[in-house]
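The values are calculated or read from the model by the stated rules, or taken from the named source; none is laboratory data. The structure displayed is predicted, hence computed values, not measured ones. Methodologically, a virtual Cβ is constructed for each residue, glycine included, from the backbone with ideal geometry; neighbour enumeration extends over all protein chains shown. Surface areas here come from the heavy atoms of the whole protein model, side chains and all, with no ligands, DNA or RNA. Shrake-Rupley method; radii C 1.70, N 1.55, O 1.52, S 1.80 Å.
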Amino acid sequence: MVDGSDGVAFAVPSCDACDRPAVVEQAYSGRILCGKHLAKSVRKKISKELRQQLPLQKGAHTTVLVAVSGGKDSAVLLDVLVDLLGQRRDVTIVAGTVDEGIEGYRPPSIQCAQDLCDRLGVRHEVVTYPELSFLEMDRVVKRLPSVLAKDKNAPRMACAYCGVFRRQGINHLAQRVGADVVALGHNLDDMAQTVLMNVTNGDLERTLRLAPHTSTPVEGLAPRIVPLRWVPEQEIHLYALHRSLPLHHEECPNARGALRWRHREMVASMEADVPGTRHGLVKMADQVKALRDRVVASGGEGHQTPPPIPCPRCGSITSGTQCKACDMRDLLDIEDAAA
Ligand code: SF4
Ligand SMILES: [Zn+2]
Ligand SMILES: [Zn+2]
């Protein structure tokens, strides 16, 4: 029995697997778990997903770039990957952070990422937007009103620019460290939100391109894996607390107002009403991808995407005539130092 703040005593249920008090009730699975057994279940899910997404070749060496931000998702990803793969001689794990140039938010989170890497003994690489000849995000935000005054079709939200630049930042880090694969810390909630966003945008292309890319690598790009994709955000948070990982808890000041917030609220409220909604959304995307693979394997045309080519201006891999980052450079009037 525990005393509530109003003095009323209430019972904390005990864990399914032991007598310790529970920290989480998994409505989608019907299980109630303590910190230790939750951590065990999180590790097991990640390990199973890793075996499917990262088939290690016998006799070959694999370098994994883990994209870390200082936040809980990537901290848990790095912690578990080091635990599962850190002792292997045929695997090198390197952490990488993209510094978007957001005062007050990014510097302390980079410090958390560095502290975690020091604790785990992992090499940590950082790349800044100016190093990639992008504007720092604080300057993008200042420049946005004049961009929109010139072109009312330009993306309105800072995240639209930042997402494109960050993708190139991660590709740059992957090249710098010679990564064979890039591990991203997207959790179940992130993945479900992305699937729903793609559906509401009618964007089949993006659904087909959704990570993991194990079976559909794009030439010239290290494939992305997402080993946390079946672990809910709340459980990631509890795992991080259980392991006392150094975390930066602040939100980016530009995050509010982004379309993802609306989808985040929608997915959370649907999940509360119908447990399993998040799993359903991600499974749906998997089924669409499997269907495409079956059509292609049976000699059908499938859904043809244009073959990727190097962007003529900056050399990044693109499926258009010019890459998205260079489109954004044009909109923001950034001098062409990209080449
Ligand atoms: S919230 Fe938006 S602006 Fe902030 S780091 Fe993420 S993508 Fe960039
Ligand atoms: Zn337990
Ligand atoms: Zn380009």
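Things worth noting here:
- Matching entry among L84, L38, L78 (being under 17 Å from V126 (Cβ atoms) and either within 16 Å of ligand 2 (Cβ to nearest atom) or not aromatic (F, W, Y) (or both)): L78
- The single condition among (1) in contact with a Lys or Arg (Cβ under 8 Å, 6 or more places away or on another chain); (2) among the basic types (K, R); (3) surrounded by fewer than 14 Cβ atoms within 10 Å (Cβ to Cβ) that R51 does not satisfy is (1).
- Selected residue (only one of I309, I317 is within 16 Å of ligand 3 (Cβ to nearest atom), open to solvent by 30 Å² or more (accessible area, probe 1.4 Å) and touching a residue at least 40 places away in the same chain (Cβ under 8 Å)): I317
- Where a residue in the stretch 251-266 is more than 10 Å from ligand 1 (Cβ to nearest atom) and its partner, wherever it lies, is part of a helix (DSSP H, G or I), with Cβ under 6 Å and at least six apart: H263/Q193; H263/L196; H263/M197; R264/Q193
- Residue check for D73: closer than 27 Å to P217 by Cα, buried (at least 18 other Cβ atoms within 10 Å of the Cβ) and charged (D, E, K, R): yes
- The set of residues from the stretch 260-278 being within 15 Å of M191 (Cα to Cα) and either open to solvent by 90 Å² or more (accessible area, probe 1.4 Å) or among the small types (G, A, S) (or both) comprises R262, E265, A268, G276.
- Number of the condition not met by R106 [criteria: (1) closer than 27 Å to M328 by Cβ; (2) basic (K, R); (3) surrounded by fewer than 17 Cβ atoms within 10 Å (Cβ to Cβ)]: (3)
- The stretch 151-191 - residue that is among the acidic types (D, E) and more than 16 Å from ligand 1 (Cβ to nearest atom) and, of those, most open to solvent (accessible area, probe 1.4 Å): D180
- From L116, L144, L135, residue being in a loop (DSSP other than H, G, I, E, B), aliphatic (A, V, I, L, M) and buried (at least 17 other Cβ atoms within 10 Å of the Cβ): L135
- Count of the stretch 206-257 residues which are in a helix (DSSP H, G or I) and among the β-branched types (V, I, T): 2
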